[in-house]
Amino acid sequence: MLEALFQRIEDKRADLVALTQALIRIPTVNPPGEAYTPCAELIGTRLARRGFSVSYLRGEDTPGDSARYPRTNVVARYAGRAPGPCVHFNSHIDVVEAGHGWTVDPFAGIVRDGKVYGRGACDMKGGLAASIIAVEALIEAMPDFPGAIEISGTVDEESGGFGGVAYLASKGLFSPPRVDHVIIPEPLNKDRICLGHRGVWWAEIETRGSIAHGSMPFLGDCAVRHMGAVLNRFETELYPKLAAKHTDMPVVPEGARSSTMNINSVHGGQPEGFEGLPSPCVPDSCRMVIDRRYLIEEQLADVKAEVVSILDDLTRTRDNFDYSIRDLMEVIPTMTDREAPVVRAVASGIRDVLAKTPDYVISPGTYDQKHIARIGHLHDCIAYGPGILDMAHRPDEFVGIDDMVDSAKVMAQASLALLTGRI
Ligand SMILES: [Zn+2]
């Protein structure tokens, strides 16, 4: 049975490459959310032809949704001949901007040396194509399977997933009894199972001063210097503290096994982007966005308190220090149990297809699993897919064709095991 299934996937190699190319050629760049509808329709039309019932769900009134840039998601469902569980493959269709440094056209889907190149090849149109081929092969090989299989193409993962998976989860599309097991084909390498991700806290800190003539700064109060004091305390107190925190989560890469914080931006004084010279003013406002990634061993309240206590201490000790802080985003860490059905099913697929024991990892950044866990209350969810994680968002992004074929086999075998309950 498995041999016949794997042979079908091998026979679909050219189809898999062509589908990956077709997906790359629709430049679903986010922001702003370009060409979501034609990409969703490419997936929906193909699966409808193969007997799936297809629905398009627009994330109305979610961030960025407009008549020009509709947040179009596609969900396709194929019900087997008997009742049983539902296995769902969820991929995001959006990609980040191409950026500079490419030696090939980022939206041409060029094939060279066994790889498909293009923005989104790795993250994650290659994974999406592999899951479609896996499912199509499984349905052909075993038309009377029990349960149901779903494939979704969702938007805005790169910008938080609010118009995509979060929206669909709020409509009950990622909850039992409709869905039981979810595989997200993010590019984590074909022999690794990603159990979850670290937590996130984004916040904006503003320091305030008072405006005056730049030739007499002593008559004003410089908000940028106050922010400099904040940064100084971060350097001397907070960063060493974060670096000393280590997690038992198997986060990759190794450096992300500590707590981390990125300074996302600092803006003070006159707005950037104007032509000509600035006028001489003492800035009365400075804003900084911090991107703090935290560990499953930490509590969000403590993570926030570490920053706020520094700001409060500056209020006490530094003349005229005045600040405010605003939460921008919070994500709790998630980690699926290693003994969960979807984990065991994919692990046995990796053992059979690749003849090796899988690595279990945790992603340093978050992805749509957060919404499935928190809004959908569905915890049998992992990320598993082809592509080298380090290639994501880079110039000359690619996905290996052999890797896509191998991971399609793993996905098909795992689906079969989950549908038939033989895990
Ligand atoms: Zn991704």
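If you check Val303, Val289, Val307, which single one turns out to be part of a strand (DSSP E or B), buried (at least 16 other Cβ atoms within 10 Å of the Cβ) and among the β-branched types (Val, Ile, Thr)?
Answer to the check: Val289.
Sort out which residues of the range 145-162 are touching a Lys or Arg at 6+ places or on another chain (Cβ under 8 Å) and within 15 Å of the ligand (Cβ to nearest atom), and write them in order of number.
Hits for the range 145-162 are Val155, Asp156, Gly161.
Mind listing just one residue for me: the one in the range 84-101 that is more than 11 Å from the ligand (Cβ to nearest atom) and of a type in the set (A, V, I, L, M, F, W, C) and, of those, surrounded by the most Cβ atoms within 10 Å (Cβ to Cβ)?
Val87
One line per residue, one yes/no per condition, for (1) over 20 Å from the mean Cα position of the chain (by Cα); (2) open to solvent by 20 Å² or more (accessible area, probe 1.4 Å):
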site	(1), (2)
Asn320	yes, yes
Asp359	no, yes
Asp368	no, no
Leu389	no, yes
Ser415	yes, no
Arg422	yes, yes
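Among what's in the range 35-71 and is part of a helix (DSSP H, G or I) and hydrophobic (A, V, I, L, M, F, W, C), pick the residue that is nearest to Gly120 (Cα to Cα).
Cys39
More than 16 Å from the ligand (Cβ to nearest atom), open to solvent by 20 Å² or more (accessible area, probe 1.4 Å) and in contact (Cβ under 8 Å) with a residue 40 or more places away in the chain: does that describe Pro31?
In short, no.
Please specify each residue of the range 358-413 satisfying the condition of being at pLDDT 95 or above, of a type in the set (S, T, N, Q) and either over 27 Å from Ile9 (Cβ atoms) or out of contact with any strand residue (DSSP E or B) (no Cβ under 8 Å at 6 or more places or on another chain) (or both).
Once the filter is applied, which keeps residues that are at pLDDT 95 or above, of a type in the set (S, T, N, Q) and either over 27 Å from Ile9 (Cβ atoms) or out of contact with any strand residue (DSSP E or B) (no Cβ under 8 Å at 6 or more places or on another chain) (or both), the range 358-413 yields Ser407, Gln413.
In the range 350-367, what residues are β-branched (Val, Ile, Thr) and more than 16 Å from the ligand (Cβ to nearest atom)?
Within the range 350-367, Ile350, Val353, Thr357 meet the criteria.
With the condition kept exactly as written, say whether any residue in the range 174-184 is within 16 Å of the ligand (Cβ to nearest atom), closer than 16 Å to Phe52 by Cβ and open to solvent by less than 30 Å² (accessible area, probe 1.4 Å). Walk me through it before giving the result.
Taking the range 174-184 first, the residues within 16 Å of the ligand (Cβ to nearest atom) are 182-184.
Adding the requirement that they be closer than 16 Å to Phe52 by Cβ leaves none.
For the range 174-184, residues within 16 Å of the ligand (Cβ to nearest atom), closer than 16 Å to Phe52 by Cβ and open to solvent by less than 30 Å² (accessible area, probe 1.4 Å): absent.
Only one of Glu339, Glu330, Glu297 is closer than 30 Å to Asp180 by Cβ, part of a strand (DSSP E or B) and acidic (Asp, Glu); which? Steps first, please.
Numbers: Glu339 fails: part of a strand (DSSP E or B); Glu297 fails: part of a strand (DSSP E or B).
Residue meeting the stated conditions: Glu330.
How many residues does the range 238-255 contain that are within 11 Å of Arg198 (Cα to Cα) and out of contact with any Asp or Glu (no Cβ under 7 Å at 6 or more places or on another chain)?
4
Evaluate the range 72-80: report whether one residue or more is surrounded by fewer than 19 Cβ atoms within 10 Å (Cβ to Cβ), assigned to a strand (DSSP E or B) and not acidic (Asp, Glu).
The answer is yes; a qualifying residue exists.
Please determine whether any residue of the range 391-398 is in contact (Cβ under 8 Å) with a residue 60 or more places away in the chain, surrounded by 22 or more Cβ atoms within 10 Å (Cβ to Cβ) and over 21 Å from the mean Cα position of the chain (by Cα).
Within the range 391-398, none of the residues are in contact (Cβ under 8 Å) with a residue 60 or more places away in the chain, surrounded by 22 or more Cβ atoms within 10 Å (Cβ to Cβ) and over 21 Å from the mean Cα position of the chain (by Cα).
Can you find a residue that is open to solvent by 50 Å² or more (accessible area, probe 1.4 Å) and assigned to a loop (DSSP other than H, G, I, E, B) anywhere in the range 6-23?
no
The values are calculated or read from the model by the stated rules, or taken from the named source; none is laboratory data. Values in this document were obtained by computation on a predicted structure and should not be read as measured data. Every residue, glycine as well, gets a Cβ built from its backbone with ideal geometry; the counts of neighbours run over all protein chains shown. Just so you know, the surface numbers come from the protein's heavy atoms only, side chains and all, with ligands and any DNA or RNA stripped out. Shrake-Rupley method; radii C 1.70, N 1.55, O 1.52, S 1.80 Å.
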